[in-house]
Amino acid sequence: HREHQQRDWRSAAAAFAARRRPGGEGGQRARGTMDAATKLPDHLRGPFLQELEEMQIRDQFKLNTRLGEHCFRDCVTTFRSKNLAPDEEKCIKNCAGAFLKMSRRVAERFSEIQMQEQQQQMQQLNPQ
């Protein structure tokens, strides 16, 4: 029985991570998964949330790796020395900077939407 419960929270965590990926249904379903997490028994909630956190760390690591590969592929053109040429270094800084700006804006926008939805839920629960 415990093995079945562990499989349930692991599959819920995997579903949560999949929904966070670009092209997934994103926020709506992800929040549903988090709402479901609050309904898990205490002895399952901790492992579930820990698995989610580990998945988020892995996703962030993969994202950073892809960023490095993308910027390297686009910016590094010569292999004459172990150091980057000044134009390559500038290109990598611009590439990474643009990515970080975009990531920050996406996170801010997601947070804004999440707050709006929470406010709507509160208004529905407490109509005036």
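The values are calculated or read from the model by the stated rules, or taken from the named source; none is laboratory data. Here the structure is a predicted model, which means the values were calculated and not measured. We place every Cβ from the backbone using ideal geometry, glycine too, and count neighbours over all the protein chains shown. Keep in mind that these areas ignore ligands, DNA and RNA; they rest on the heavy atoms of the full protein, side chains included. Shrake-Rupley method; radii C 1.70, N 1.55, O 1.52, S 1.80 Å.
Here are a few things to note about the model shown:
- Qualifying residue in the stretch 18-40 (condition: modelled with pLDDT of 55 or more, among the acidic types (Asp, Glu) and either closer than 24 Å to ARG104 by Cα or open to solvent by less than 100 Å² (accessible area, probe 1.4 Å) (or both)): yes
- Residue match in the stretch 92-99 (condition: of a type in the set (A, V, I, L, M), open to solvent by 100 Å² or more (accessible area, probe 1.4 Å) and either under 29 Å from GLY68 (Cβ atoms) or without any contact (Cβ under 8 Å) to a residue 24 or more places away in the chain (or both)): no
- Test: residue in the stretch 74-84 that is open to solvent by 70 Å² or more (accessible area, probe 1.4 Å), among the hydrophobic types (A, V, I, L, M, F, W, C) and at pLDDT 90 or above: yes
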